[in-house]
Amino acid sequence: MENSNKVTRRRIYSREEVCVGCRLCEIYCIAAHSEYKNDLIKTFKKISKRRPLPGIIVEERKPISFGLQCRHCEEPECVKACITGAMQKNPETGVVTNDAARCIGCWTCILACPYGVIRRDYRERKIASKCDFCMENGGEPVCVKNCPNEALYIGNVVEESNMVEESNRGFREMEGRA
Amino acid sequence: MSYVIIGNSTAAVGAVEGIRKYDIETPIVIISDEPYHTYSRPLISYYLGGKVAEENMYYRSRDFYEKNKVKPILGIKAKSVDFDKKEVVLQDESKIQYSKLLIATGGKPFIPPLEGLDKKNVFNFIKFDDVKEIEKVAVKGSRAVVVGASFSGLKAVEALVQRGVNVTVIDIMDRIMPRVFDETASSIALKTLREHGVEVLLKTTVEKIIGGENAEGVILKDGRELPCNFIILAMGVRCNTDLVKDTKLKINRGIVVDDRMRTNIPDVYAAGDAAEGYNFIEGRNMEIAIIPNAYRQGETAGENMAGKERLFNKGFIMNSMPLLGLSIISAGLSESGEGIRVKAIYKNRENTYKKFYIRDKKLVGYLLINDIDRAGIYTDLIRREVDISLFEDRLGEEGFGFVSLPKEMRKERMLGG
Ligand SMILES: Cc1cc2nc3c(=O)[nH]c(=O)nc-3n(C[C@H](O)[C@H](O)[C@H](O)COP(=O)(O)OP(=O)(O)OC[C@H]3O[C@@H](n4cnc5c(N)ncnc54)[C@H](O)[C@@H]3O)c2cc1C
Ligand code: SF4
Ligand code: SF4
C-alpha cells in the first residue's frame, strides 16, 4: 500500500566564489530555448520579440555574483499555489514545468516561489517562465555546460517519489496481476 | 473501505493527490453539485473576459479521475451526513458509506438582505454557471453594476471591461480592496480603473434593486438611481457549512480543524474555504480563502486520511492579482497595529508601490504593486519566520534578491529546494 520510494534527482547549484558575472549562462540558456536551438549568432543577430527569457537569474552586487535557477523542489510551492494547474512537477523526472497553453500569467507562482526564479513573460500571452532543466536538450543544462569557471554544477539530492503517475504505474501493475 | 470527499475543487484535488502518495488502492469517491470536471474557480473571470476557452478551464487533466481511481459523482448535492452510520446522503436519497470523510464544500457568496434580489439578471460571481449566465447579457455596450470592490468584484470588473461593457463598481468603504490596500495603493488602482472607463463609487451602497421581472437598475443609499442591464454581487464569501450545520460537527465561522485537518469527529476532515484552519501570523484559527491554502489543507487532509501523520500549520493569506495591466501581490498582514512597523516605498514615476509590515524581528506582511519580481523571497521570509534584523533596510530595494541576504543565509538557501 505504501507508495513512496527514494529517488535521486539532479539539481543545479552555484558557487558564488568563482562566478565572474559574465552571464554566459544566460546567453546559452536563451539560445538553447530559441527557435534557432543553440545557435548563438542567429539567436542574437536580430532584435527579436520572440527571443526567450533566460531561465537563470544572475544576481549581482559587486564583487558578488551568482546564477540561480529553479530548484525543481521536492515540495514545490509554485505547483501547489498555481491557480490553474498549469505548473506541474513531472513525477518521472522531478522537473517542474509550466504548461504555457494553460498558464494565464496571474503570477501566483511568483508570489509562492521561495527562490524568486520565475519570470514574467509578456512576449505573446502573459505566461510564467522558468528553468526547465533543458529537458528538450536531454536534461543536460546548457548553463552548466557553458560556464567557463565551473561556477554552476550539478549535485544530487534524494527525494521521495510518490506522485500520481507512480501510483498509477502501481495500479496498472496491480490490474495486470489481477 | 473508501474515502469520500464532498466538493470537487482545489481542496478536493489536493486531498486526492495527498491520499495517492501513500495509498494507491482504496477507492475515492468525489461528490459535487457542480456538474463539471474539476475546474479552476479563478478562471471564471478569464472565461468571461474571453481570455480562456472552456477546454482550458480545467484544474487537472481530463484523465485525472481515472488515473487516480476516483469515482466522481457530479451534478448532485449531498443532503446530509450521518456521522454515526458513517454515511453521506445525497439529494436523491442514495447513501454512500465512508471510512474517512473530507468536507471540502468551499465558500458561498455573502448576500445581505436587499430588496429586488429575486429579479432576473442579478448574479453572483463564484461558479462557472454564474459566468455562463452573465455572458449572455454582458454584451458590448451594455451597462453593469458590480457591488463590492474587493478581489473577486474587481476581477469581474476587469472581465466586463474586456467585453466592452460599461461598468460601475460600488463599495461601502472609502477605498478599493479595503482589506489589502491603503490610500496610496487604492489611488493607484483607481487611476487604472478610471483610465479604462470604469466608474468607481465609494462610501456608498446599494439600497434596492429596481425593475420589473428583470433588474433595470439600482438605487443607492444617497438616493441616486443607476440604470443598468445587470448586476453582479461580489460582497465576499463565507464558509459554506450548510451541509453540516446543526450537527455535532464543531463549526465556528468555518469547520474547525487542527493542524492535521481533523475535525472534532473521528475520521472526518475538512479543508479549503469551508474550514477554519490555523493562521500562524494572526495566531488563531480563521478562514483563509485562497487556492494555495485550499490545496495545502486538502493535501494535508489526504495524507492524514491515508494514515500518514502530516502537519500544516503555516496557513496565511497571499494573493496575486493582475488588474487591467497592474500587477498586485500581497501576503500576510495588511494592516498596521500595535507592535507593527511599516515601511513603504512609493515611486510615482514608475508607478510602483511596496509596503512591508514588520513585527519584532520578522516580516509579517507585504504589498507590491507593479514591481513584483522575486516576491516569493519575501513570502518565504514570512513563511519561515526569518529574523530579518540584519538586512531589514534592504527590503524593497532595487534588485532585491538573495544577494540582499547575509552570506550565511544566502548559502543555506541556495542549497535548498
Ligand atoms: C472569481 C474568483 C476569483 C478567485 N481568484 C483567486 C485567485 O486568484 N487566487 C486565489 O488564491 N484564490 C482565488 N479565489 C478563491 C479560490 O477560488 C478558493 O479559495 C478555492 O476555490 C477554494 O477551494 P475549495 O476546494 O475550498 O472550495 P470551492 O472551490 O468553493 O469548491 C467547493 C465545491 O463544493 C461544492 N459543494 C458545496 N456544498 C456541496 C454539497 N452539499 N454537495 C455537493 N457539493 C457541494 C460546491 O458547489 C463547489 O463546487 C477566487 C475565487 C473567486 C470566486
Ligand atoms: S519555481 Fe520555485 S517553487 Fe517552483 S520548483 Fe522551482 S524553485 Fe521550487
Ligand atoms: S502564472 Fe501561470 S503557472 Fe503561475 S500560478 Fe498563474 S497560471 Fe500557474
Check your understanding: Among all residue pairs at least 6 apart or on different chains, which show Cβ distances below 7 Å where the first residue, located in the range B:23-34, is within 14 Å of B:I103 (Cβ to Cβ) and the second is acidic (D, E) and part of a loop (DSSP other than H, G, I, E, B)?
Key -> none
Review point. Are any of the residues in the range B:40-57 in a strand (DSSP E or B), hydroxyl-bearing (S, T, Y), within 16 Å of ligand 3 (Cβ to nearest atom) and within 14 Å of another protein chain (Cβ to nearest Cβ)?
Key: no
Check your understanding: Is it true that some residue in the range B:340-359 is under 25 Å from B:G315 (Cβ atoms) and in a helix (DSSP H, G or I)?
Key -> no
Study note, to complete from the structure: Of the candidates B:Y65, B:Y59, B:Y46, B:Y36, the one satisfying the condition of being in contact with a Pro (Cβ under 6 Å, 6 or more places away or on another chain), closer than 25 Å to A:D99 by Cα and away from ligand 2 (no atom under 16 Å from the Cβ) is B:Y65
Review point. When the range B:40-58 is examined, which residues are found to be more than 9 Å from ligand 1 (Cβ to nearest atom) and in contact with a Gly (Cβ under 9 Å, 6 or more places away or on another chain)?
Key: B:Y58
Exercise for review: Any chance you could count how many residues in the range B:167-222 are within 16 Å of B:A234 (Cα to Cα), hydroxyl-bearing (S, T, Y) and touching a residue at least 60 places away in the same chain (Cβ under 8 Å)?
Suggested key: 1
Exercise for review: Could you please give the count of residues in the range A:118-129 that are part of a loop (DSSP other than H, G, I, E, B), surrounded by fewer than 22 Cβ atoms within 10 Å (Cβ to Cβ) and either under 16 Å from the mean Cα position of the chain (by Cα) or within 8 Å of ligand 3 (Cβ to nearest atom) (or both)?
Suggested key: 1
Exercise for review: Find the residue count for the range A:110-143, including only residues that are within 8 Å of ligand 2 (Cβ to nearest atom), among the hydrophobic types (A, V, I, L, M, F, W, C) and more than 8 Å from every other protein chain (Cβ to nearest Cβ).
Suggested key: 2
Revision key, fill the gap. When A:R172 is run through (1) exposed (fewer than 13 other Cβ atoms within 10 Å of the Cβ); (2) at pLDDT 95 or above, the failure sits at (2)
Check your understanding: When you look at A:L40, is it more than 21 Å from B:E299 (Cα to Cα), aliphatic (A, V, I, L, M) and within 10 Å of ligand 2 (Cβ to nearest atom), yes or no?
Key -> no
**Study point:** Cross-chain or 6+ apart pairs with Cβ under 6 Å, the range B:287-315 first and in contact (Cβ under 8 Å) with a residue 12 or more places away in the chain and charged (D, E, K, R), then more than 16 Å from ligand 1 (Cβ to nearest atom) and assigned to a loop (DSSP other than H, G, I, E, B)
**Key:** B:E303/B:R310; B:K314/B:F280
Check your understanding: So which helices (runs of 4 or more DSSP H) are wholly in the range A:1-109 and hold at least 2 residues that are more than 14 Å from chain B (Cβ to nearest Cβ) and surrounded by 17 or more Cβ atoms within 10 Å (Cβ to Cβ)?
Key -> A:24-33
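The values are calculated or read from the model by the stated rules, or taken from the named source; none is laboratory data. Please read these numbers as outputs of a predicted model, since none were measured by experiment. Here Cβ is always computed from backbone atoms with ideal geometry, including for glycine, and neighbour counts include all displayed protein chains.
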